[in-house]
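Worksheet for the structure shown next.
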Amino acid sequence: QQQVKQSPQSLIVQKGGIPIINCAYENTAFDYFPWYQQFPGKGPALLIAIRPDVSEKKEGRFTISFNKSAKQFSLHIMDSQPGDSATYFCAASMWGQNFVFGPGTRLSVLP
Amino acid sequence: KAGVTQTPRYLIKTRGQQVTLSCSPISGHRSVSWYQQTPGQGLQFLFEYFSETQRNKGNFPGRFSGRQFSNSRSEMNVSTLELGDSALYLCASSLEVQGSNTGELFFGEGSRLTVL
């Protein structure tokens, strides 16, 4: 019940494309759903996060869509750029603690 | 404002040895958590400390331990190292406001441990 599933494992898109990464969770007690971006040799950095009282959140080119009834959430990257090539992790937590991370999606954006 | 600092960045040990990793959180952050990152398993939660007390613990054997000091700096220790302990160990700090964790984790760049 603590698991967060993430797909796809890897993704290749052309510059300007819209990669979509999907995550699913089981524990309805989760109340915070962040996405982290990690570049090689660096630690993950928070990209965008959502709480279950809203269905969508946009920050720049990044959008989270959240479906509470389906217990799913996804990350969309609009007008993707080669600089967006990184590994993306979804996560879920309760009260800002007990973070559970998905296994990650390696995104490559081709020029 | 300085970020989360982890030392050492790289280290090589042999099976059976022990290792201590250090983490200095962002100034003002009192919550420090540790994660193990491996290619096959992603980020696995080890433990979290707040005000020198272990607040949460993941599913790792007792060989993995940690502590937090009064200045919020944290150390984790792995005893009797096994080959499978080879991983990137990430430390993250977070801010608590009025007793509530803001939820944002700030990660360091990690300590890459290789066990031979």
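The values are calculated or read from the model by the stated rules, or taken from the named source; none is laboratory data. All values reported here derive from a predicted model rather than from experimental measurement. Positions of Cβ are generated from backbone atoms using ideal geometry, with glycine treated the same way; all protein chains shown enter the neighbour counts.
Things worth noting here:
- Across region B:22-31, the qualifying residues are those that are part of a strand (DSSP E or B) and at pLDDT 95 or above, and the one among them that is farthest from B:MET76 (Cα to Cα) is B:SER24.
- Filter pass, A:SER69 being farther than 21 Å from B:GLY42 by Cα, touching a Gly at 6+ places or on another chain (Cβ under 7 Å), of a type in the set (Gly, Ala, Ser) and away from chain B (no Cβ under 11 Å): no
- Residue match in region B:62-85 (condition: within 14 Å of chain A (Cβ to nearest Cβ) and either in contact with a Gly (Cβ under 9 Å, 6 or more places away or on another chain) or charged (D, E, K, R) (or both)): no
- From the list B:GLY99, B:GLY58, B:GLY40, the one residue that fits, being within 14 Å of another protein chain (Cβ to nearest Cβ), more than 27 Å from A:LYS5 (Cα to Cα), modelled with pLDDT under 95 and surrounded by fewer than 21 Cβ atoms within 10 Å (Cβ to Cβ), is B:GLY99.
Results for (1) exposed (fewer than 14 other Cβ atoms within 10 Å of the Cβ); (2) touching a residue at least 60 places away in the same chain (Cβ under 8 Å), shown as yes or no for each residue.
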| position | (1), (2) |
| --- | --- |
| A:VAL4 | no, yes |
| A:PRO19 | no, yes |
| A:GLN37 | no, no |
| A:ASP53 | yes, no |
| A:PHE62 | no, no |
| A:SER65 | no, no |
| A:ILE77 | no, no |
| A:SER80 | no, yes |
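- Whenever a residue of region B:1-23 is over 19 Å from B:PHE47 (Cα atoms), its partners that are surrounded by 15 or more Cβ atoms within 10 Å (Cβ to Cβ) and among the acidic types (Asp, Glu), lying with C-beta atoms within less than 7 angstrom and at least six residues away or across chains, give the pairs B:ARG9/B:GLU109.
- Residue check, B:PHE45 under 10 Å from the mean Cα position of the chain (by Cα) and of a type in the set (A, V, I, L, M, F, W, C): yes
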